[in-house]
Amino acid sequence: MKNEEVFYKLQESYMNNETNKGDRRKLHESWFNESTVDFWRHKRMYETISLVAKYYNNKKWISIGDGRYGLDSFYLNKLFNINVFPTDIAAGMLAEGKKRGLYKNYSVENAESLSFKDKSFDIVFCKESFHHFPRPIIALYEMIRISRIAVILIEPNDQVTFNQYSKKKYVKSVFKILLSKIFNKDYQPYLPNLTEGSHFFEESGNYVYTLSLRELNKITHAIDLGGLAWKGFNDQYIEGCEFEIADDRNAMFKKIKESIIQRDNLCIANPSLYNYGMLIAVLFINPEQQELVTMMKKDGYIFAHKELNPIFNKR
């Protein structure tokens, strides 16, 4: 059995069995409570794409890795009145979501080998699932393959960049560069080693593969996609927030909100030193209409510069 197939089986088993053991059932039931701090967190993430959702509300959507009872599909429909078809590698929670009346149909799908024909859907939505896949780039190419308009990713942002290094090291590097210029000597500045950084593995055995804006931009160029738009986003998770009420009098809620505001301010004031914890990325299959581009920019999205391929774009 190939390595990736081992992880497929582990993930499927975990989603169908391990997640329903002991106290996990109580945790799962909390996901349906819209008054909790955890629901507030997830709703904030959905709202980052509200403009795109409303613009394409009459299009055909699909959610990939929608393992929490298909709740991405359900809440996108509830919040923005869009029809989203839910999929996941395991049938268990999707089947229960259907029994609860959250949606009429679903499909059990391996994100790295989707069963759908090319351009079967307009918009592909993948929230906090990309980092669970054993070979996520293959899954991304599959999502692009079945999409006619765009692929939307909401994922943890890769922190192994220059931004992760301390201000002290940054200042020392600048100081060493100045000394090199003044004394004409080779004072080596501190250069970040991009092989550094923590690596994480989840209970199901998969490697946590965070999203890289640089890699997405390279893919956009490599297969000549229409464009890439992105927005930074900060979130804060504290264990137990699933059972706390999202009320400003609640100590945990206040702590989470203050932490997010503090991180937002750091990212705005010092973008070269602080990175957003989450990344919302929209990969357009074809160049988008200027009307939507203008609206998204006003909404805080940044459109990555796209170099034209000289071979395919000859005048």
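Read-outs throughout are calculated quantities, based only on the coordinates presented, and are distinct from any laboratory measurement. Values in this document were obtained by computation on a predicted structure and should not be read as measured data. Every residue, glycine among them, receives a Cβ derived from its backbone with ideal geometry; neighbour counts consider all protein chains shown.
Some values worked out for this structure:
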| read-out | value |
| --- | --- |
| Cα-derived Rg over Rh, computed across the stretch 232-315 with Rh taken as Kirkwood radius | 1.16 |
| Table column - 3J(HN,Hα) (Hz), the stretch 220-235, Karplus curve with 6.51, -1.76, 1.60, x for Gly and Pro | 4, 6, 4, 10, 6, 5, x, x, 9, 10, 8, 9, x, 8, 10, 9 |
| Reachable aspartates and glutamates from K255, criterion Cα separation under 20 angstrom, eight or more residues apart if same chain | E34, D38, D235, E239, E242, E244, D247, D264 |
| Two-decimal Rg/Rh across the stretch 36-118, once Rg and the Kirkwood Rh are taken from alpha-carbon atoms | 0.97 |
| Burial ranking of peptide ranges 267-277, 85-95, 138-148 (average Cβ count within 10 Å, highest at the top) | 85-95, 138-148, 267-277 |
| Restraint check, K26/K254; K231/K257; K43/K117; K26/K99; K54/K231, Cα-Cα greater than 21 Å | K26/K254; K43/K117 |
| Spacing of the two label points (7 Å from each Cα toward its C-beta) at Q159 and E258, in nm | 2.0 |
